[in-house]
1. Considering just Cα atoms, how many Å³ per residue does the convex hull of the stretch A:96-175 enclose?
2. Choose one answer from A:Asn106, A:Asn187, A:Asn13: the residue with the largest mean-square fluctuation in a GNM of chain A with alpha-carbon springs under 10 Å.
3. Using only alpha carbon pairs under 8 Å that are at least six residues apart, calculate the relative contact order of chain B and give it in whole percent.
4. In a Gaussian network model over chain B where Cα atoms closer than 10 Å are linked, find which of B:Pro142, B:Pro165, B:Pro284 has the largest mean-square fluctuation.
5. Looking at this model, which pairs from B:Lys3/B:Lys77; A:Lys77/A:Lys323; A:Lys3/A:Lys314; A:Lys202/A:Lys323; B:Lys80/B:Lys125 are more than 27 angstrom apart at the alpha-carbon?
6. Please label the shape of the stretch B:95-142 as rounded, prolate or oblate, based on the square roots a ≥ b ≥ c of the eigenvalues of the alpha-carbon gyration tensor (a/c under 1.5 means rounded; beyond that, a/b larger than b/c means prolate, else oblate).
7. So which residue, out of A:Gly62, A:Gly302, A:Gly286, gets the largest mean-square fluctuation from a GNM of chain A using Cα contacts under 10 Å as springs?
8. Normalise the Debye intensity by I(0) for the stretch B:250-336, one equal point scatterer per Cα, no solvent, then take log10 at q = 0.12, 0.13, 0.20 Å⁻¹ and round to two decimals.
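Laboratory data are not the source of any read-out in this text; all were calculated from the coordinates shown. Computed from a predicted structure; not experimentally measured. Cβ placement follows ideal geometry from the backbone for every residue including glycine, while neighbour counts extend to all protein chains displayed.
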Protein chains: 2
Amino acid sequence: MTKVRAFAAASANAPLEQVTLTFGDLAPEDVEINVSHCGICHSDLSMLENDWGITSYPFVPGHEIIGTVSALGSEAKGLKPGQRVGVGWTAFSCLSCTQCLGGDHNLCTKAQGTIVGRHGGFATKVRCQWTWVRPLPEALDPATAGPLLCGGVTVFNPFYEYRIPPTAKVGIIGIGGLGHMALQFANKWGCEVHAFTTSDSKTEEAKQLGAHYVHNTRRDGVLKELAGRLDMIVSTINVPIDVDGVLGALAPRGRLHVVGANLQPMPVPAFSLIFAQRDVSGSPTGSPTLLSRMLEFSARHGIAPMTETFPMSKVNEAMEHLKSGKARYRIVLENDLSDEA
Amino acid sequence: MTKVRAFAAASANAPLEQVTLTFGDLAPEDVEINVSHCGICHSDLSMLENDWGITSYPFVPGHEIIGTVSALGSEAKGLKPGQRVGVGWTAFSCLSCTQCLGGDHNLCTKAQGTIVGRHGGFATKVRCQWTWVRPLPEALDPATAGPLLCGGVTVFNPFYEYRIPPTAKVGIIGIGGLGHMALQFANKWGCEVHAFTTSDSKTEEAKQLGAHYVHNTRRDGVLKELAGRLDMIVSTINVPIDVDGVLGALAPRGRLHVVGANLQPMPVPAFSLIFAQRDVSGSPTGSPTLLSRMLEFSARHGIAPMTETFPMSKVNEAMEHLKSGKARYRIVLENDLSDEA
C-alpha cells in the first residue's frame, strides 16, 4: 500500500483539490515514478471539463511527466531505480496486437491514456507500464522537458513517420503550446519553415523559434501567395481552418497533417486532393521508439519548450492561466507536494 | 496539312457530328496516331456537358486511345512508325519542372489534357507529345485495352504510389467503369479484396473480377462490421460517400483514396484521422512510367476491362448508353471513320 498525494477534481469543472490516493501492489509490468515536474497540456483541460465524454472522477490530470523511477514491477524492462524518465499521453498498451508488435504501440486499440480511467501526474507519484516510461537524455533539463512527452512528440510525429526530407518546405499553423515546438523541430530537421499565426505579436518570437517566414492568416491573400509551394502543413489548432485555402498552398504530393482536434468535420474538396495527389492525415502522439527518437533529437539540437513554471500547489491558478490563452507557451508544474498529508 | 475526320460537339449538350479537322505541320515533340479504338470515360461526358467549365468547342472527346504511330516529330523519342500505342488523359507536360523532371509528369501544372483545349480520340487521327504515347504490350488486345489508359491507371495509381503491400486488405467503392478494373488490380496485386456496391446484381460479377467479399452498403451495419479492418479503400464514385463510416472501416495507418470526383467537399472528422493515423488522399491518373508499369502488369496478369463495343459512327448511341448507367462496364468505340469525308 502506497499513499500518494494528488490534485483531483470531484466532477466536471470542479476545482482541483489535494487528496490522498492509495495505490495497491505494483503490477508486474508497471513502473512507479516520483514526479518532479508535470507539464499542462490543453487536453488536461478538455478532460477536466469532460469535453470528450470519457473522463472518470475523481480525475487527476497530468500526462507530461518528468520524474525518477521509484519502484519497478517484476516484469518491467529496460529501466533502473533512480533513473530520470518521462511519461506522455499513453500509460499502457497490450503489447501483443499487430500495432504493438509492429512498433505502433500508440495505435493499439487497447491503449490507455495516462489520465483516461487512470490517475495522472498532478501527484507525488504515478504508475504506468514500463513501455511508456522513457529514459530522459542527460542534456535535457527536467524542469522544461515535460511538454516534449506529449505536445512535442505530437508535432514531431509527421516529420519522422512520413519521412519528410530536410529539403521540404513546411508550414506550422498556430504558434502556441504545440506550434512553438513544431517550429523548432522543423528548423532543426533542416526544412524551410513557415509559421502561420493570427497574432502579429508572435512574429519575432516565431522567427527566434525557427520560422524563416511568418504569415498572418488574417491578412487576405496570404495562402494564395503561397499557392502550390509547401510540402507539408501541420495544423496544431483546435478551431476550424480554411481547408481549401490551406490545401491550395500545398505543392503536388503535399500533405496537410492535423494534430489539433476540432470536433467539427473538415470540408475537404476531393478535387484538390485528386488534382495534385495531396494527402490529409492526422496522428496521435507517438510510439515508445518515436518518443525516444524525439528526446534524443531534442537533446542533440538543444530543442526545449518555452515554459512558465508554477508550483504544483498553485495548479488551479496555472489552469486558469492556460484557459486565458496567455501562456507563453507551455506551463510546467514543479512538484512541491509531499507524500505526507 | 493533314485532313482528319472527327466527331465534334458544337456546344454543350449538342450531339456529336462528323467534321473535318485540318492539322498543320507536326510539332517536333509530337506524335501522330492512327486511332483504331477509343474508350469512353465518364469525364468525356462531363467535358461534353462542360460540367467543369473548361471545355472549348468544337469539342472532340476521347482519351482512352489505342492506335498505331503514323508520324513522328523530329524530337519525338522512343517510338517508331507503325508501333501499337495507347494514350490516356494527358497529352502534354512541360518536361522541365520539378514534377516532370522528378517523374511526376501527371502533376505538372502545365500539363494539358488530351481533350482540354485539344482534339481527342473520337477521330481518325490524334496528336500528342511523345511522352504520353505509351507502347502497348503485345499480350494486350487493342480492342479492349483503351480503358486501361485512363480509368485503369487511375485506380492502379494508389497501389503503386503508396507501395501497398500484397498483405493488405483493400476495399473498392463502386463497381463500375473504374471499380471493375480496380478489383482486378487489387486481386492480382495479391490483396484481400472487398467490393462495396449498392447493387446486389453485381455480386457474382464482382467475385469473378477478383473480390473475395462483396458488401452491399445499402444494408445497415456493413461498415461497422468491418470496423478497423481495411488498409486502403479506393472510392471510384462521383457521389458523396459516408466518409465517417468509411474511415471507421480503416485499420490504423489506413488510407481512404478518392479518384471519383464529387464537387461537394467531403466532411472529414479530424478525430478519426488523428486517433488511428489515417490518411485521406486523391490522385490524377498516372505518370508515363506508371502507365507503362500498369500496362505491363495487366499483360502479365491477363487484366482487361470488360467492354461493350460500338462502331465510332454510332458514338451518340454509345454516349446515351453511358449516360443511362447501364454500360457493363466500359464502352469502346471501334473506328469505322475514314479520312475521306
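1. Numbers: hull volume 13.3 nm³, N = 80.
Convex hull of Cα atoms, per residue: 167 Å³.
2. Sorting by GNM fluctuation, first place goes to A:Asn13.
3. With pairs under 8 Å counted, the relative contact order is 18 percent.
4. Top of the fluctuation ranking is B:Pro165.
5. Working: B:Lys3/B:Lys77 25 Å; A:Lys77/A:Lys323 38 Å; A:Lys3/A:Lys314 21 Å; A:Lys202/A:Lys323 19 Å; B:Lys80/B:Lys125 16 Å.
Table pairs above 27 Å Cα-Cα are A:Lys77/A:Lys323.
6. Cα axes put the stretch B:95-142 in the oblate bin.
7. It is A:Gly302.
8. -0.66, -0.75, -1.07
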